[in-house]
Amino acid sequence: MSGRCPGAQALGTATLSGWRFLINPEGFGSIARRPGARVYGVLWRLTARDFAAINAYESVDTGLYLRRRLMVQQGGRGSTAIVYIARWEGAGTPRPGYIGLVVDGARDWKLPERYVRSVARWAPSGWRGARARDTGELG
């Protein structure tokens with residue numbers, strides 16, 4: 001996020017009830033409605049420039065992702081947030097290396113480990129071992 005949106009401020013973790021995480025047919029993360037499910041993530045405050053950058057990154061103009069305003073919970077309070085949902089519905093296979101990045105981010109933000117494991121299950125190999133950063137392989 002810091003590379004794409006340098007003016008963005010993280011407001012902390014939040015949850016979105018009634019939705020689940022999935023990998024879309026193009027191989028990237030999205031969400032889909034599912035009663036009783038919950039998605040965890042990070043809520044950000046964006047500058048106008050950052051908002052334009054994230055819209056471009058998510059290919060909103062081409063329709064790859066759609067912007068929606070949904071109610072999220074943060075610290076026991078509800079607020080409206082803009083979320084990006086893949087236009088193509090259904091589940092796919094993640095692109096190589098993608099799930100590792102998502103899992104690393106989820107762990108960095110200390111999202112619940114049970115949730116992190118559910119995201120990690122999308123890896124084609126199902127591998128859920130140590131992160132390179134934790135083993136000293138990366139700086």
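Once phi is turned into θ = phi - 60°, what whole-Hz ³J(HN,Hα) does the Karplus curve with 6.51, -1.76 and 1.60 give for every residue of segment 7-13, x standing for Gly and Pro?
Listing the rounded values in order: x, 5, 10, 6, 9, x, 7 Hz.
Normalised radius of gyration for segment 1-57, please: alpha carbon Rg relative to 2.2 N^0.38 Å, two decimal places.
For segment 1-57, the normalised Cα radius of gyration is 1.29.
Tally Lys and Arg at +1 and Asp and Glu at -1 over the other residues with C-beta under 11 Å from the C-beta of CYS5: what net charge comes out?
+2
Under a 5 Å amide H to amide H cut-off, with H placed in plane at 1.01 Å, what residues pair with VAL60 once short-range neighbours are removed?
TYR65
Quote the Stokes-Einstein diffusion coefficient, in whole µm² s⁻¹, for the chain, based on the Kirkwood radius over alpha carbon pairs, a temperature of 10 °C and a viscosity of 1.306 mPa s.
Result for D is 99 µm²/s.
With the contact rule set at Cα under 8 Å and sequence spacing of 6 or more, what percent relative contact order holds for segment 9-94?
Numbers: 163 pairs, mean separation 31.5, N = 86.
Result for segment 9-94 is 37 percent.
For a quick check: with amide H placed at 1.01 Å from N, whose amide H comes under 5 Å from ARG34's, ignoring anything fewer than 5 positions away on the same chain?
Hits under the 5 Å cutoff: TRP19, ARG20.
Are there any helices in the chain, counted as whole DSSP H runs, that stretch 20 Å or more along their axis by Cα and score at least 0.5 on average by Kyte-Doolittle, and if so which?
none
Read-outs: derived from the displayed coordinates by stated rules, not from any lab. None of the values given here were measured: they were computed from a predicted structure. FYI the Cβ positions are ideal-geometry reconstructions off the backbone, even for glycines, and counts take in every protein chain you see.
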